[in-house]
Amino acid sequence: MKKLKNEAALLKKAIDIGEKYAVNRGYKSFSATNAAKDKVESLYRLLVNDKLVQPLAVDQENQPNMKHKLALWIAKQLPEGHPLLK
């Protein structure tokens, strides 16, 4: 797994966009007390369920890999020339 430039910032953006996506899909929004790792796992599973992200192998499902998948997902969604992609 090759680390992306600005992966932490991409992950933060992915969580923000993912939360909005989940609410639009009819899910209750996350509360401020939800842990980031819970948000990452929930969003990852939602995106896999909706076939927007290719699932990880069962033995590879861990927090770092889920975070990386979310960062990859949002990097592909951002327009070319976005500051986070530089």
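Would you please give the residues with an amide H less than 5 Å from that of VAL53, counting only those at least 5 places away or on a separate chain, with H modeled from the backbone geometry?
VAL48
Give, in nm to one decimal, the length gained when the segment between LYS51 and VAL23 is fully stretched (0.36 nm per residue of separation minus the Cα-Cα distance).
Full extension from LYS51 to VAL23 adds 8.4 nm.
Among the listed pairs LYS2/LYS86; LYS3/LYS76; LYS28/LYS76; LYS37/LYS67; LYS3/LYS51; LYS20/LYS86, which have their C-alpha atoms separated by more than 20 angstrom in this model?
Pairs exceeding 20 Å: LYS28/LYS76; LYS3/LYS51; LYS20/LYS86.
Report, in deg cm²/dmol and to the nearest 500, the calculated mean residue ellipticity at 222 nm for the chain, where each DSSP H run with n ≥ 4 adds -39500 (n - 2.57) and the sum is divided by the residue count.
Value at 222 nm, helices only: -18000 deg cm²/dmol.
Once fully extended, how much extra length lies between LEU4 and ALA32, figured as 0.36 nm per residue of separation less the alpha-carbon to alpha-carbon distance?
Extending this stretch completely gives an extra 7.4 nm.
Keeping all protein chains in place, calculate the accessible area per residue for the chain (probe 1.4 angstrom), answer in Å².
I get 69 Å² per residue for this part.
Give me the percent of the accessible area of the chain that comes from carbon and sulfur atoms, probe 1.4 Å, all protein chains in place.
53 percent
Can you put LEU52, LEU10 in order of accessible area, largest first, using a 1.4 Å probe?
LEU52, LEU10
The values are calculated or read from the model by the stated rules, or taken from the named source; none is laboratory data. Owing to the predicted nature of the structure, the values given are computational and were not obtained by experimental measurement. For the accessible areas, the whole protein counts, side chains as well, though only heavy atoms, and no ligand, DNA or RNA atoms are used. Shrake-Rupley method; radii C 1.70, N 1.55, O 1.52, S 1.80 Å.
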